[in-house]
Amino acid sequence: MNLMILISLYLIDHSNLQPPSDRNLTINMSAPINMAAHQTKSVFQKAGFAPTQEERTPAHYLWVKVLLWTCIMSVCVCGASEDAKIPLYVGGLWPMTGPGWRGGAEALPAIELAVEVLNNSTDILPNHEIKLIWNDTRNSASYGMKLFFDLLYSQPTKVFMIGPCTSRVAEHVSLTATAWNLVHVSFAARSTAMENRADYPFFFRTVPADNAQNPVRLDILQRFGWTKVAMVYQSHDADVYGKTLEEMSRVLLRQNFTVLTTEAVATDDANRLRMVIAKLKRMDARIILGNFFFYLAKDVFCEAYRQGLVWPRHVWIITELSPNWWKGNSFLTNCSLEEMQESIKYHIALRTVTSTRKGAFNITARTFEKLLGRANCQYCNYAFDAVMAAGIAMHRVHESGLPLEEFSYTNATYSSAFAEKLTNLSMQGIS
């Protein structure tokens, strides 16, 4: 910039300057302005870009002045525009590695795409630039808590947070985040317990809670006239799946259904899994509601296949799982791919229907998949919408008179404002 200004000063008003005797191309930038201008003149004449004394005309001076003042004004205007963007730091917690689900690795491109869309928007946060600072929770509640405190105690201040994205991590982090006035949006934590606004006032999500599928389960049973069911769920820290089926059991009993039994299985107890499947077979359970994650689903179906608790005499109704989940690794069993394909025949799987309408910034689900470069990403739509919702909420809070750059963890005014904007937010997403 300094060199450009010196060159401009010389070329705009050089008629009173005399060329120095030294024709060296070296420019001493520490020299006074008039000396640097003399040196710059020598360089340009040597290179053939500046006219000699004999070649100068009044018209030449006029055009040079017009062009260079235009260049200088362009540099000033562009520089001011770039400098006006205020960085807005947003934290992120999701699993990239570790045991079980690694949804962060799958959804990260969608999150980055949403950040790019917001940063290029002239309507949402036009004077701010979102900068994402994320960490890998490794599917661990304790490690997730450590990362959360790292996020809090390291600069810069994070105005908002995306995640956590597994219920076992989210339940712990979200309770603590309340004390730090940090509002956050998850794209994958389905825990029914987190619907409690008294305990989780600053937790929001774009993914439906796990119990949102209970009405669909009930409708399927009624449609086919199935009145006697058994239930199997995965037990872990958050007990997400168990609470959902407990609620479902109460609904069924009020509707005069018969619930034969409700059983829990885990990823580290092969004997328990065999006992549960054997018990269901002894009770002649024909319709089984299953609620477990994909990495346990393969073990359940493998064991059910080996004990004959599959089609045509038995029907499993399970929750939404990752694409081709039966091809993944198993923890407790060892069925071949052919056996797994037999075991899952005619099971009923529930999944969320993706919107076909244009969402935020006129992006449809199909356009989104093209931008992302992939399809059948289970949580990518939710991740994209989570970032967009956060961006819109922050924009509206800023427009209401609360400057985002003045946010602090001790100022409850901001967290209350963010929560209010998210609670009342109505937008057409792509999920």
Checklist outcome for this item: Rounded to whole Å², per residue accessible area for segment 369-425 with a 1.4 Å probe reads 43 Å²
Item to check | Relative contact order (%) - criterion: Cα under 8 Å, at least six apart; region: segment 302-347 | outcome: 63 percent
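Output the relative contact order of segment 193-257, whole-number percent, from Cα pairs under 8 angstrom with separation of 6+ residues.
Worked out over segment 193-257, it gives 36 percent.
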Next on the checklist: If you average the alpha carbon positions of segment 403-424 and of segment 88-103, how far apart do those two centres end up, in angstrom?
Outcome noted: 24 Å
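Compute the Rg to Rh ratio over segment 165-220 from the alpha carbon atoms, using the Kirkwood formula for Rh, and round to two decimal places. Before the final figure, lay out each step's value.
Numbers: Rg = 12.2 Å, Rh = 11.7 Å.
Computed over Cα atoms, the ratio is 1.04.
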Checklist entry - Using a probe of 1.4 angstrom, how much of the accessible area of segment 351-431 is carbon and sulfur, in percent? => result 45 percent
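With a 1.4 Å probe and every protein chain kept in, tell me what percent of the accessible surface of segment 152-272 is carbon plus sulfur. If you can, show how the numbers build up before the last one.
On the way: 2310 of 4870 Å².
Of all accessible area on segment 152-272, carbon and sulfur atoms account for 47 percent.
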Checklist entry - Could you give me the ³J(HN,Hα) list for segment 86-93, computed from phi with Karplus coefficients 6.51, -1.76, 1.60 and θ = phi - 60°, whole Hz, x at Gly and Pro? => result 8, x, 10, 8, 10, x, x, 10
Next on the checklist: Report the gain in length on full extension from residue 351 to residue 364: 0.36 nm times residue separation, minus Cα-Cα distance, nm rounded to one decimal.
Outcome noted: 2.8 nm
Next on the checklist: Could you sort the peptides 401-411, 323-333 by per-residue average Cβ neighbour count (10 Å cutoff), highest mean leading?
Outcome noted: 323-333, 401-411
Item to check | Amide H contacts of residue 128 (H built 1.01 Å from N, under 5 Å, at least 5 apart or other chain) | outcome: 86
Item to check | segment 351-430: equivalent-ellipsoid semi-axes (sqrt of 5 x gyration tensor eigenvalues, Cα, Å) | outcome: 30, 12, 11
Checklist entry - So for 298, 85, what's the accessible-area order with a 1.4 Å probe, most first? => result 85, 298
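Which order do 210, 269 take when ranked by solvent-accessible area (1.4 Å probe, heavy atoms of all protein chains), largest first? Intermediate values should be presented prior to the final figure.
Values: 210 0, 269 60 Å².
Sorted by accessible area, descending: 269, 210.
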Item to check | Heavy-atom accessible area per residue - segment 117-243, 1.4 Å, Å² | outcome: 39 Å²
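Can you give the FRET efficiency for residue 121 and residue 402, using 1/(1 + (r/R0)^6), R0 = 22 Å, r = Cβ-Cβ distance, to the nearest 0.05? Walk me through the numbers on the way to the answer.
Values: r = 20 Å, r/R0 = 0.89.
About 0.65, to the nearest 0.05.
Taking only C-alpha pairs under 8 Å that are 6+ residues apart, what is the relative contact order of segment 268-352 in percent? Each step should come with its number before you reach the end.
Values: 114 pairs, mean separation 31.4, N = 85.
Taking the mean separation of contacting Cα pairs over the length of segment 268-352, I get 37 percent.
Length gain on complete extension for the stretch residue 334 to residue 269, per 0.36 nm per residue less the alpha carbon to alpha carbon distance? Mind dumping the intermediate values first?
Values: separation 65, 0.36 × 65 = 23.40 nm, distance 1.43 nm.
So the extension gain works out to 22.0 nm.
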Next on the checklist: Suppose accessible area is computed on protein heavy atoms with a 1.4 Å probe; arrange 88, 337 from highest to lowest.
Outcome noted: 337, 88
Next on the checklist: For segment 157-302, I need the span (max minus min coordinate) of the C-alpha atoms along each principal axis, in Å, sorted largest to smallest.
Outcome noted: 58, 34, 20
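When Lys and Arg each count +1 and Asp and Glu each count -1, what net charge do the other residues less than 14 Å away from residue 425, Cβ to Cβ, add up to?
0
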Checklist entry - Under 5 Å between amide H atoms, partner at least 5 residues away or on a different chain: which partners does residue 260 have, H built in plane at 1.01 Å? => result 229, 230
Next on the checklist: Can you list residues from other chains, or at least 5 along the same chain, whose modelled amide H is less than 5 Å from the amide H of residue 89?
Outcome noted: 131, 159
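Give, in nm to one decimal, the length gained when the segment between residue 102 and residue 261 is fully stretched (0.36 nm per residue of separation minus the Cα-Cα distance).
Working: separation 159, 0.36 × 159 = 57.24 nm, distance 3.18 nm.
In short, 54.1 nm is gained.
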Item to check | Rounded accessible area per residue of segment 264-309, 1.4 Å, Å² | outcome: 39 Å²
Item to check | Distance violations [Cα-Cα > 27 Å] among 85/158; 345/370; 146/370; 243/279; 131/298; 370/421 | outcome: 345/370; 146/370; 131/298; 370/421
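The values are calculated or read from the model by the stated rules, or taken from the named source; none is laboratory data. Being a predicted model, the structure only gives us computed values, none of them experimental. Cβ sites come from the backbone with ideal geometry, for glycine too, and all protein chains shown count toward neighbours. For accessibility, only protein heavy atoms count, side chains too; no ligands or nucleic acids. Shrake-Rupley method; radii C 1.70, N 1.55, O 1.52, S 1.80 Å.
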